[in-house]
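To start, the structure under review is shown below, and the notes come after it.
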Amino acid sequence: DQETIGLEPQKPLVPASFNLSEYFKQFLFPQNECELHDFRLSFSQLKWDSWIVAPHRYNPRYCKGDCPRALGHRYGSPVHTMVQNIIHEKLDSSVPRPSCVPAKYSPLSVLTIEPDGSIAYKEYEDMIATKCTCR
Amino acid sequence: SRASTGEIQIAAGAEWEAKAEPWSLVQPLDEKDRLGFLPPLFKVLYNGQGDAPRLQPDSRALRYMKRLYKSFATKEGIPKSNRSPLYNTVRLFTSYAQHKQAPGDQVTGTVPSVDLLFHLDRVTAVEHFIKSVLLFTFSNPISFSSAVKCVCNLVMKEPESSSGNPHRTPSSLTFDSQFEFRKKYRWIEVDVTAPLQPLVASNQRNIHMSVNLTCVKAQLQPPSARENPFNMTLLVPPSLLLYLNDTSAQAHHRWYSLHYKRRPSQGAGQKRGLSACPQGEESAEAVRPSRHRR
């Protein structure tokens, strides 16, 4: 945000032949960035399809990847995360770097057969990860 | 060991045939550790139920609950938002003991009174009673040449006293729930919240009732035998549906949004079934299945 006091007539800030993608390369994005991954499992794999009637398949998803040094707002991380980064780098490396973990979830509806033969429809909170963060 | 990082690795994608017991991956672990490994859903569901022998529910009841699931949740299993925020749990109980009392009468179209006993042990302390429905399901869709009016009569009985014979509640509750038949229906839902409210609220685990379903032609003359609207064999003793609100931390709670319009009943899809509410309550008329929107 430097104030430019142009004496001569204003020169265009961005030269005409400027390549945007080259410009962005200077920002180091980790290859293995912290993001959401699918993990589709079916209850028959666990042999639970005899009493879990629905859903047949369930994708809880999970978060995996590196948390870059310069987090900024991209990961919705709290300030503490940057503090922990600084501690890890400057003071004590045994303090771990922030981890890539779920930040938001959605619920899941489940239909089950109970031991007494009754049938139950239930809704459980926090069953599917929908967003990741570094903290 | 495979689970050394504390995560259970379940092979995804490649067809994984678990030849051994489901828990072989985490064996040998004692019961406490095994449960500790499980994420919330499995721990809640598991509670030692994984391999517990279980009675198989009635196929019609299961078909109804599958339809209810489809109307309450998306394909991925996420609860739909256009549903009543009052309950997050629906339990269906089939009755334990059924013996017919007064024989049915083909001429007047009365169906035999059925004595029903429901054990509500599966209802947990954090599941609070909201509504209850008696569900009559038919093997094949029922339809009639003309409108037929049915009245459901319900007599709540006290649990068996020490003398062994159930005594009727002082005021035997006649429950007049009227519905009209015009189309093909596979089931009838009769709202019985009023008579059951005091019993379930007082944590009574065994609900004993006798139910009688009488159908007459809309013009009040009893249908002739040939036109008997209810063939007894079609009628399966009703199941009991409890709509509950689970207030535990693991249960999904939704907030009462202002634009949610309360509809009389949200069973398993309106087109195939009929929801009947007691007279004088929400709607005396049977719920009209919504017309196809152009």
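Just so it is clear, none of the values below were taken in a lab; they were calculated from the coordinates. Note that the structure is predicted; figures quoted are calculated from it, not measured. Note: ideal-geometry Cβ built from the backbone for every residue, glycine included; neighbour counts use all protein chains shown.
Observations, loosely collected:
- With the highest mean first, a sort of the peptides B:75-81, B:244-250 on other beta-carbon atoms found within 10 angstrom per residue produces B:244-250, B:75-81.
- Counting charges near A:ILE86 (Lys, Arg +1; Asp, Glu -1) among other residues having Cβ under 13 Å from its Cβ returns a value of +1.
- Taking other C-beta atoms within 10 Å as the exposure proxy, A:VAL83, B:VAL133 rank A:VAL83, B:VAL133 from fewest upward.
- When each of B:MET156, B:MET209 is scored by the number of other beta-carbon atoms lying within 10 Å, the sequence from fewest to most is B:MET156, B:MET209.
- Test item: B:65-78 mean partner chain Cβ contacts at 10 Å: 6
- The stretch A:33-48-the stretch A:79-112 distance, computed between alpha-carbon centres (Å): 21
- Taking a Cβ cut-off of under 13 Å around B:LYS80, the surrounding Lys, Arg, Asp and Glu residues balance to a net charge of +2, with basic ones at +1 and acidic ones at -1.
- Look at the stretch B:122-130: the mean tally of other chain Cβ atoms within 10 Å of its residues' Cβ atoms is 1.
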